[in-house]
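Before any comments, here is the structure.
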Amino acid sequence: GPHWVAWKLPPLGYFLLYSDGAAELRDVQEGLQLTKNLEITQLIMELDALWVMNILSRPFKANHLLGTQMNDCLVLIRKDWAMDVRHILWKGNQCADHLANLAQAEASASVY
């Protein structure tokens, strides 16, 4: 049968951080730092890059090519906040992808 894909509104009080596969690990790190700087305490991070989720959920060697970025992300993830990391399909998050593209095109820093 058909596989339905849809975007879901985060629960009340939670913010949503979305990163698409083109963004890679550095952008996940920057997004986590931004949410921490904004003092957001309840976060859902949605990634369509399964490889990034795998990197952040498995032990890694200190000499890994992305070791520094991976460690920086893990330090931020382990901070004192309510956080859930989820894998999503890109098609289910086209709205968030569109908003992210709008934010990049704007001259001012906006949070959507």
- Assess whether Ala100 counts as being at pLDDT below 85 and either among the β-branched types (Val, Ile, Thr) or within 17 Å of Leu25 (Cα to Cα) (or both). yes
- Enumeration of residues in the stretch 58-78 that are part of a loop (DSSP other than H, G, I, E, B) and more than 15 Å from Thr35 (Cβ to Cβ): Arg58, Pro59, Phe60, Lys61, Ala62, Asn63, His64, Leu65, Leu66
- Task: For the stretch 57-91, enumerate the residues that are in contact with a strand residue (DSSP E or B) (Cβ under 9 Å, 6 or more places away or on another chain) and at pLDDT below 80.
- Result: Ser57
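I'd like the residue in the stretch 1-28 that is surrounded by 12 or more Cβ atoms within 10 Å (Cβ to Cβ) and part of a loop (DSSP other than H, G, I, E, B) and, out of all such residues, is modelled with the highest pLDDT.
Among them, the one singled out is Tyr14.
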- Query: Among the residues of the stretch 29-57, which ones are open to solvent by 20 Å² or more (accessible area, probe 1.4 Å) and assigned to a strand (DSSP E or B)?
  - Reply: Gln42
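The values are calculated or read from the model by the stated rules, or taken from the named source; none is laboratory data. Keep in mind it's a predicted model, so treat the numbers as computed, not measured. Glycine also receives a Cβ, built like all others from the backbone with ideal geometry; neighbour counts cover every protein chain displayed. Only protein heavy atoms, including side chains, enter the accessible area calculation; ligands, DNA and RNA are left aside. Shrake-Rupley method; radii C 1.70, N 1.55, O 1.52, S 1.80 Å.
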